[in-house]
Amino acid sequence: MKVSIIIPVYNEEKTIRRLLRTLEPVKEKAEILFVDGGSTDRTLNLIPGEYTVLKGAKGRARQMNLGAEKSGGDVLFFLHCDSEIPEDAIEQIETVMRKYRAGCFGIAFHSKNIWMKCCQIISNHRIKDRKIMFGDQGIFIRRKLFFEMGGFPDLPIMEDYQFSLTLKEMGVRIGIAKKRIYTSDRRFAEGGRLRVMWRMNRLRAMYRKGVEIERIAELYRDIR
């Protein structure tokens, strides 16, 4: 099966180099597309010409949907720019997709902070217990299923959460890769780890209660 890695970027000059290093072992095994949302820093200059770069409107959902439309993979793998994937990420995905139509990786942080360890445990348990996966866990899905469900909802925030809820409503089983993705804790470190964890849980609760998405987006500070 052909895997397309779709990476939305916006002003990521501080993280793009590390991502490029983590892509080295997989770049010959998968199609890789960067989708820029109008970066004003050096992000685009730092992406080597060997990779496909698309330009679209800012908004993670819109960027990922554009990447999916322009990709050619049987499996679509959505990856955040501040993530580090294992060297055998493609093989991990292929193994999961033999039995499932959608899946993700477990998540881990390089930080030794106790709250980040708690966040790691809760996030990984959430996949198994509540069948909910988030974008920083590296969502991958069969191309046909992705377009059947209409892709990511055009929301300013919570697009990955609603994506998981829709899969759950459709009865789609979620597979989990054996290895984990390491992701940056910058959002937590800058906002105060415990406070950010509490705030994210509160925002998800507000979303479930039907609070207007624009109000939720206002409460979620754009750290980029």
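The values are calculated or read from the model by the stated rules, or taken from the named source; none is laboratory data. Note that this is a predicted model, so its numbers are computed, not measured. Here the Cβ is made from the backbone with ideal geometry for all residues, glycine too, and neighbour counts use every protein chain on show. Ligands, DNA and RNA are stripped out before the accessible areas are found, and what is left, the full protein with its side chains, is counted by its heavy atoms. Shrake-Rupley method; radii C 1.70, N 1.55, O 1.52, S 1.80 Å.
A compact table of results
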quantity: Positions within the range 1-10 being at pLDDT 95 or above and either in contact with a helix residue (DSSP H, G or I) (Cβ under 6 Å, 6 or more places away or on another chain) or among the hydrophobic types (A, V, I, L, M, F, W, C) (or both), in sequence order; calculated: V3, I5, I6, I7, P8, V9
quantity: Criterion: under 23 Å from R143 (Cα atoms), at pLDDT 95 or above, outside any helix (DSSP H, G or I) and aliphatic (A, V, I, L, M) - qualifying residue of L33, L66, L23; calculated: L33
quantity: Among (1) part of a strand (DSSP E or B); (2) open to solvent by less than 20 Å² (accessible area, probe 1.4 Å), the one test that G73 misses; calculated: (1)
quantity: Meets criteria (touching a Phe, Trp or Tyr at 6+ places or on another chain (Cβ under 8 Å) and farther than 16 Å from R180 by Cα) for A68; calculated: yes
quantity: Residues within the range 143-175 that are farther than 9 Å from A61 by Cα, open to solvent by 20 Å² or more (accessible area, probe 1.4 Å), touching a residue at least 60 places away in the same chain (Cβ under 8 Å) and in a loop (DSSP other than H, G, I, E, B), tallied; calculated: 1
quantity: Residue tally, condition within 28 Å of G171 (Cβ to Cβ) and free of Cβ contacts under 8 Å to residues at least 60 places away in the same chain, over the range 98-119; calculated: 1
quantity: Residue in the range 114-124 that is part of a loop (DSSP other than H, G, I, E, B) and buried (at least 19 other Cβ atoms within 10 Å of the Cβ) present; calculated: no
quantity: Residues satisfying the stated conditions in the range 87-100, i.e. surrounded by fewer than 19 Cβ atoms within 10 Å (Cβ to Cβ), within 24 Å of L33 (Cα to Cα) and not acidic (D, E); calculated: T95, R98, Y100
quantity: Residue check, E13 surrounded by fewer than 16 Cβ atoms within 10 Å (Cβ to Cβ) and either assigned to a helix (DSSP H, G or I) or touching a strand residue (DSSP E or B) at 6+ places or on another chain (Cβ under 7 Å) (or both); calculated: no
quantity: Considering residues of the range 35-70 that are open to solvent by less than 20 Å² (accessible area, probe 1.4 Å) and among the polar types (S, T, N, Q) only, the residue nearest to Y161 (Cα to Cα); calculated: Q63
quantity: Residue match in the range 21-34 (condition: open to solvent by 10 Å² or more (accessible area, probe 1.4 Å), under 25 Å from F109 (Cα atoms), touching a residue at least 24 places away in the same chain (Cβ under 8 Å) and acidic (D, E)); calculated: no
quantity: Candidate set: the range 94-126, residues that are of a type in the set (V, I, T) and modelled with pLDDT under 85; chosen: the one farthest from V196 (Cα to Cα); calculated: I121
quantity: Meets criteria (hydrophobic (A, V, I, L, M, F, W, C) and open to solvent by 60 Å² or more (accessible area, probe 1.4 Å)) for I107; calculated: no
quantity: Test: residue in the range 208-215 that is at pLDDT 90 or above, within 25 Å of T15 (Cβ to Cβ) and part of a helix (DSSP H, G or I); calculated: no
quantity: Residue match in the range 125-133 (condition: open to solvent by less than 90 Å² (accessible area, probe 1.4 Å), in contact with a helix residue (DSSP H, G or I) (Cβ under 9 Å, 6 or more places away or on another chain) and closer than 18 Å to I7 by Cβ); calculated: yes
